[in-house]
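> The following block contains the structure, expressed as structure tokens.
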Amino acid sequence: MIRKQLQFAIIALCSLALPALAQDEPGCLDCHAQEDSPELHQVFNSAHGDVNGGGAAACTACHGPSEAHDRRGRRVSPDISFGPKWGSEPAAQNDSCLACHESTGGKLAWLGSEHEQENMVCADCHDSHTTRDPVMEVETAQTQCLTCHSRQRAELNMPSRHPIAEGKTACTDCHNPHGSTTHAALHQVTLNENCYSCHEEKRGPMLWEHEPVTEDCANCHTPHGSVHDNLLTARGPAQCQQCHSAAFHPSVPYGGEGLSGSMNANVAGKNCMNCHSQVHGSNHPSGARLTR
């Protein structure tokens, strides 16, 4: 008899404690139910849905306790809102993300980066509620970048370009959108090192080197796209004659005037590189003129 009374007393105490425990839980999912906000519930199919044990605790991990919002609903913003209705200050939004992500994926240089100085927020590019963030997928990431970088969008449609549209390369292969200590947020310390990460055959050292090549690839190439072959900034021989106006050849620029009278073979489609084919450097004992 006493045992049964104890059991009833324990059950009664538990029933009294349950409402108190329920009040301690965030009320996010009471209002944002699956049937009312299916797009928000996608977060539970991603890694973000498991933060702080999942459930409503995952919401407060990013949006803050939001007690006033919990009590008054649509009339008060969450502590941290990522928009579009209530947009918190960019620093507050980014701090919420960086609390977990600052030490991952090369984000240590975010503060002071070009994107941060433009008051951009993580949510401008990322969608934390989706199972597969579009900006993290090679097929869709370029669309996100080119939404703002319109000049590069035009260059990537030129005849000579990197195969980004085909999904073989991506903007993030060269650039770190979260910041870098180098110009244009490059991954490597110099532009050349960035290019060598794919074009290793151009690295050298070479027995016979071409000084503009070792100095800066951008002396001759434009990285995003060009109307000239091989991403050149100008067609040959005009490209070469920017430096070699009198290098072992007559100091006469090849121009349109060569078309009248005696035909100038160089203007008629030929190129310095027909002979000087090893413009990036040569290891041949007889390659001083970069011809072999």
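Quick note: the coordinates plus some simple rules give every number you see, no bench work behind them. What you see is a predicted model, and the numbers here were worked out from it, not measured in a lab. Don't worry about glycine lacking a Cβ; one is built from the backbone with ideal geometry, like all the others, and counts go over all protein chains shown.
> Using a Förster radius of 25 Å, what is the FRET efficiency between residue 131 and residue 101 based on their Cβ-Cβ separation? Nearest 0.05, please.
In this case the efficiency is close to 0.90.
> Then there's this: Residue by residue through segment 36-42, which ³J(HN,Hα) values in whole Hz follow from phi under the Karplus form 6.51 cos²θ - 1.76 cosθ + 1.60 (θ = phi - 60°), with glycine and proline marked x?
8, 9, x, 5, 6, 6, 4
> Considering only the other residues whose Cβ falls under 13 Å of the Cβ of residue 45, what net charge follows from Lys and Arg at +1 and Asp and Glu at -1?
-3
> What's the extension gain from residue 109 to residue 143 if we count 0.36 nm per residue and subtract their Cα-Cα distance?
9.9 nm
> Based on Cβ point charges of +1 for Lys and Arg and -1 for Asp and Glu, what charge dipole magnitude is obtained for segment 38-144 about its Cα centre, in debye rounded to the nearest 20? Walk me through the numbers before you get to the answer.
On the way: 7 positive and 16 negative charges, 108 e Å.
Charge dipole, segment 38-144, about its Cα centre: 520 debye, nearest 20.
> Additional query: With contacts defined as alpha carbon pairs under 8 Å and 6 or more residues apart, what's the relative contact order of segment 65-212 in percent?
Answer for segment 65-212 is 17 percent.
> Further, regarding this structure: Over the Cα atoms of segment 96-139, what Rg and Dmax result, in angstrom?
In order Rg, Dmax, the Cα atoms of segment 96-139 give 11.2, 30 Å.
> Further question on the same structure: Using each residue's phi in segment 93-105, evaluate 6.51 cos²θ - 1.76 cosθ + 1.60 at θ = phi - 60° and report the 3J(HN,Hα) Karplus result to the nearest Hz, with x for Gly and Pro.
5, 5, 4, 4, 6, 5, 4, 9, 9, 4, 9, 10, x
> What distance in nm lies between label points placed 7 Å from Cα along the C-beta direction at residue 158 and residue 203?
Each label point lies 7 Å from its Cα, and together they span 2.8 nm.
> Could you name the aspartates and glutamates whose alpha carbon sits less than 14 Å from that of residue 202, not counting residues in the same chain fewer than 8 places away?
193, 211, 215, 216
> Further, regarding this structure: Name the aspartates and glutamates eligible as straight-distance cross-link partners of residue 168: C-alpha to C-alpha under 14 Å, and not fewer than 8 places from it in the same chain.
Filter leaves 137, 139.
> Continuing with this model, one more query. Karplus couplings for segment 173-188 from phi (6.51 cos²θ - 1.76 cosθ + 1.60, θ = phi - 60°), rounded to Hz, Gly and Pro as x?
My calculation for segment 173-188 gives 5, 10, 10, 9, x, 8, x, 7, 7, 10, 5, 6, 6, 6, 6, 8 Hz in order.
> Taking loop as defined by DSSP and a crowding limit of 16 other beta carbons within 10 Å, which chymotrypsin sites (Phe, Trp or Tyr not before Pro) in segment 39-134 fit? Could the numbers behind the result be given before it?
Numbers: sites: 44, 82, 86, 110; in loops: 86, 110.
For chymotrypsin sites (Phe, Trp or Tyr not before Pro) across segment 39-134 that sit outside H, G, I, E and B with at most 16 neighbouring Cβ atoms in 10 Å, the list reads 86.
> Residues in segment 125-169, backbone N under 14 Å from the label point at residue 229 (7 Å along the Cα-to-beta-carbon vector): list them, ranges by number please.
The answer is 160-161.
> Suppose the chain between residue 68 and residue 40 were pulled fully straight at 0.36 nm per residue; how much longer would it get relative to their current alpha carbon spacing?
Full-extension gain reported as 8.1 nm.
> Which of the aspartates and glutamates could be linked to residue 85 by a straight reach, that is with a Cα gap under 15 Å, when you skip same-chain ones fewer than 8 residues away?
Straight-line reach from residue 85, under 15 Å: 124.
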